[in-house]
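Read through the structure below, which is laid out as structure tokens, and then see the notes.
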Amino acid sequence: MVQRPKANEFLEFYVPYVNLVPEGSLLEVLKEHMEKTTALFESLSEENARRRYAPEKWSIKEVLGHMTDTERIMSYRLLRIGRGDQTPLAGFDENDYIAESHFDELSNKQLLEDFTAVRKATITLINNMPEQAWEKIGIANNSETTTRALAYIIAGHAIHHLKIINERYL
């Protein structure tokens, strides 16, 4: 089982995300979140999914696309660091990714299929990661992080954005 990371294993920026992850099995948290996300997006019309709570904010579709993009990137980092790769990994600007994504042009079904595929890949990656990999340290976005911190950041980031959707958009 993946242990909760210590505060010195990741940037302070990620503390709110890691703190959102409940105690217990991280894999169960990820599975439960996937089910909640699926249920939410299956209940939304295409029009409602393009809703923004303010003019300059992302649409609900863009939030789901951002969750998927971020999970892909963080899972890639988790894989590289977990396998002992010491190559520094670049950061990314989520606003640049959204600007180039055109998520609002995709259907809810397409976005949800992409999210689900990425989440299932994340779950198998975490499930199959050897025990000794969880404390490995690497560099991502110019900062040291551990494999287990990345696993918790993935979960917490997704929980955060689903909470935002429920609080601000619906």
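The values are calculated or read from the model by the stated rules, or taken from the named source; none is laboratory data. Just so it is clear, the structure is predicted and the values come from calculations on it, not from any experiment. All Cβ positions, glycine included, derive from the backbone under ideal geometry; neighbour counts span all protein chains shown. Heads up: the accessible areas ignore ligands, DNA and RNA and are worked out on the full protein's heavy atoms, side chains in. Shrake-Rupley method; radii C 1.70, N 1.55, O 1.52, S 1.80 Å.
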Two-decimal Rg/Rh across region 15-170, once Rg and the Kirkwood Rh are taken from alpha-carbon atoms: 0.97
With no solvent and one equal point scatterer placed on each C-alpha of region 64-154, evaluate the Debye formula and give log10 I(q)/I(0) for q = 0.16, 0.18 Å⁻¹, two decimals. -0.67, -0.81
If ligands, DNA and RNA are left out, what is the accessible area of L170 with a 1.4 Å probe, given in Å² to the nearest 10? 100 Å²
In whole Hz and in residue order, list the ³J(HN,Hα) couplings for region 61-73 that follow from phi through the Karplus curve 6.51 cos²θ - 1.76 cosθ + 1.60, θ = phi - 60°; x for Gly and Pro. 4, 5, 5, 5, x, 5, 4, 5, 4, 5, 5, 4, 5
Enter the angle in degrees (range 0 to 90, nearest 10) between the Cα long axis of helix 26-43 and the first principal axis of the Cα atoms of the chain, meaning the one along which they spread out most. 10 degrees
From phi via Karplus (6.51, -1.76, 1.60), per-residue ³J(HN,Hα) for region 158-165 in Hz, x at Gly/Pro: 5, 4, 4, 6, 5, 5, 4, 4
Non-local amide H neighbours of A140 (under 5 Å, H modeled in plane, Pro and chain starts lacking H): which ones? L89, T145
Qualifying trypsin sites (Lys or Arg not before Pro) in region 1-44, DSSP loop, other Cβ atoms within 10 Å at most 14: K6
What accessible surface, in Å², does a 1.4 Å probe find on H102, ignoring ligands, DNA and RNA and rounding to the nearest 10? 100 Å²
Based on alpha-carbon centroids, what's the gap between region 114-134 and region 14-32 in Å, whole number please? 14 Å
Taking θ as phi - 60°, what are the ³J(HN,Hα) couplings along region 92-105 by the Karplus curve (6.51, -1.76, 1.60), each to the nearest whole Hz, with x for Gly and Pro? 8, 9, 4, 5, 5, 5, 5, 4, 9, 7, 6, 4, 5, 7
Of K61/K136; K31/K136; K109/K163; K6/K57; K57/K109, which pairs sit farther than 31 Å apart, going by alpha carbon to alpha carbon? K61/K136; K6/K57
Quick one: with all protein chains in place, what share of the accessible area of the chain is carbon or sulfur, to the nearest percent (1.4 Å probe)? 50 percent
Accessible area per residue in Å² at 1.4 Å probe, computed on the chain: 53 Å²
Scan of the chain for GluC sites (Glu not before Pro) in DSSP loops with at most 11 other beta-carbon atoms within 10 Å gives a longest site-free stretch of 57-170
